[in-house]
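**Q** Have a look at this one before I ask anything.
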Amino acid sequence: MGLPKFTCPKGGDSESSPHLYVANCGPAVGLSYETIATVFGAYGELNGVYAADESGTRVIVSYHDESSSQAAMKALNGHKCSSLGGRFLHIQYSVQSLGKVNFDASVPVSTSASDLEIPGLYLMHDFVTAEEEQELLAAVDNRPWHNLAKRRVQHYGYAFCYNIRNVDTNQYLGELPSFISPVLQRIKSSQTLDHAADISLDQITVNEYPPGVGLSPHIDTHSAFEGLIFSLSLAGPCIMEFRKYTTNVWQEKTNSNSDLDNQNSEKSSNFIRKALYLPPRSMLLLSGEARYAWHHYIPHHKVDKVEDSLIRRGSRRVSFTLRKVLKGACQCEFPQYCDSQRYVK
């Protein structure tokens with residue numbers, strides 16, 4: 001995916017940022033990136049240390065927050081640093097460049113699900129706290145990931161089989177992990193749905209998306225899961241597009257996931273398109289028509305345009321998709337999109 005690119009802030013030296021441009025520092029002057037990270041890491045949590053150019057004498061030190069970069073700037077700029085070979089460092093603030101921005105301005109992005117007027121679609125902002133978000137991320141990061149072509153996944157309850165877009169109900173992975181219990185309890189106490197207290201979920205898929213990686217347009221297989229699908233967004237934002245096709249579109253080609261297919265489908269006029277911004281810590285709910293009749297799709301962007309703002313997706317986005325495995329055939333009211341009812345006369 002390449003290294004992040006940085007440039008000078010628009011406001012000049014007076015405008016601070018979480019990123020520092022550090023001169024007289026780098027491998028060409030005998031300082032490894034690990035050594036630089038150790039020294040600058042004393043002032044706050046780092047995203048990383050990167051080469052600023054090809055000289056080997058200038059680096060970018062990227063922090064998670066501005067307070068850390070400000071502390072490092074105050075302590076090290078223009079001073080002799082004994083931990084870095086006694087060199088005098090020359091430091092400026094830097095900002096991450098968006099680079100080439102690709103987005104489809106023809107589809108306006110809403111920040112509220114109600115604006116899309118898709119029956120059964122809900123978005124609950126700040127469904128978990130920032131502290132709970134970090135606890136959930138730490139819990140999955142302490143467990144093994146499985147690598148797919150462009151993203152990593154974890155499955156709980158039942159494994160999802162991507163080759164058939166379904167679950168094998170004979171392969172039970174065990175009860176859902178305890179770290180997800182607060183989320184399940186909050187779903188049960190939600191005011192969004194009637195009979196929320198009766199909701200029972202037994203399958204979770206955790207996806208980790210690197211920058212620029214999205215999700216192919218699809219409807220979760222009707223015969224795989226019941227009528228409520230919850231998706232919790234963590235760590236980074238994205239937009240999700242919803243498409244309703246005017247033709248019968250049950251997916252017989254279950255392996256069609258290529259980016260080329262997605263790009264070609266952008267030119268098609270046989271579907272309605274609507275888009276929704278999913279901020280970190282929000283919970284999306286697909287039910288009814290939104291679950292059974294609308295494809296959902298995450299465009300393969302690094303930057304999204306939301307209203308008048310350009311929003312970078314961040315270093316990762318992690319989603320928790322929570323569902324109830326269906327035992328038996330689907331009997332929904334949308335047979336033209338249903339694998340269970342496709343061949344029923």
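**Q** Considering only the stretch 151-164, how many residues are closer than 24 Å to GLY212 by Cβ and at pLDDT below 90?
**A** Total meeting the criteria: 1.
**Q** I need every pair where a residue in the stretch 171-192 that is in the same structural domain as SER319 (by the TED database) and open to solvent by less than 80 Å² (accessible area, probe 1.4 Å) has its Cβ under 8 Å from the Cβ of a residue that is assigned to a helix (DSSP H, G or I) and among the small types (Gly, Ala, Ser), sequence separation at least 6 or different chains.
**A** Within 8 Å, the pairs are PRO177/ALA139; PHE179/ALA139; ILE187/ALA196; LYS188/ALA196; LYS188/ALA197; SER189/ALA196; SER189/ALA197; SER190/ALA196.
**Q** Hey, can you tell me all the residues within the stretch 193-212 that are surrounded by 12 or more Cβ atoms within 10 Å (Cβ to Cβ), hydrophobic (A, V, I, L, M, F, W, C) and more than 16 Å from ALA139 (Cα to Cα)? Full working, then the answer.
**A** Residues of the stretch 193-212 that are surrounded by 12 or more Cβ atoms within 10 Å (Cβ to Cβ), as a first pass: 193, 196, 199, 201-212.
If we keep only those that are hydrophobic (A, V, I, L, M, F, W, C) too, we end up with 193, 196, 199, 201, 204, 206.
Selection gives LEU193, ALA196, ILE199, LEU201.
**Q** Looking for whichever is under 24 Å from ARG281 (Cα atoms), open to solvent by less than 30 Å² (accessible area, probe 1.4 Å) and assigned to a strand (DSSP E or B) here; the options are VAL153, VAL140, VAL167. Which one fits?
**A** VAL153
**Q** Taking strands (runs of 3 or more DSSP E) that do not extend beyond the stretch 267-345, which have at least 1 residues that are of a type in the set (Asp, Glu)?
**A** 303-306
**Q** Give the number of residues within the stretch 35-66 that are touching a strand residue (DSSP E or B) at 6+ places or on another chain (Cβ under 8 Å) and open to solvent by less than 30 Å² (accessible area, probe 1.4 Å).
**A** Adding up the residues that qualify gives 11.
**Q** Just to be sure before I move on: is ASP126 part of a strand (DSSP E or B) and in the same structural domain as PRO237 (by the TED database) in the structure I sent?
**A** Against the criterion (part of a strand (DSSP E or B) and in the same structural domain as PRO237 (by the TED database)), ASP126 does not qualify.
**Q** Still on this structure: Would you confirm whether any residue within the stretch 296-314 is on the phi > 0 side of the Ramachandran plot, surrounded by fewer than 20 Cβ atoms within 10 Å (Cβ to Cβ) and modelled with pLDDT under 95?
**A** yes
The values are calculated or read from the model by the stated rules, or taken from the named source; none is laboratory data. Being a predicted model, the structure only gives us computed values, none of them experimental. Reconstructed Cβ throughout: ideal geometry from the backbone, glycine too, with neighbour counts over all protein chains shown. Accessible surface areas use protein heavy atoms only, side chains included; no ligands, DNA or RNA. Shrake-Rupley method; radii C 1.70, N 1.55, O 1.52, S 1.80 Å.
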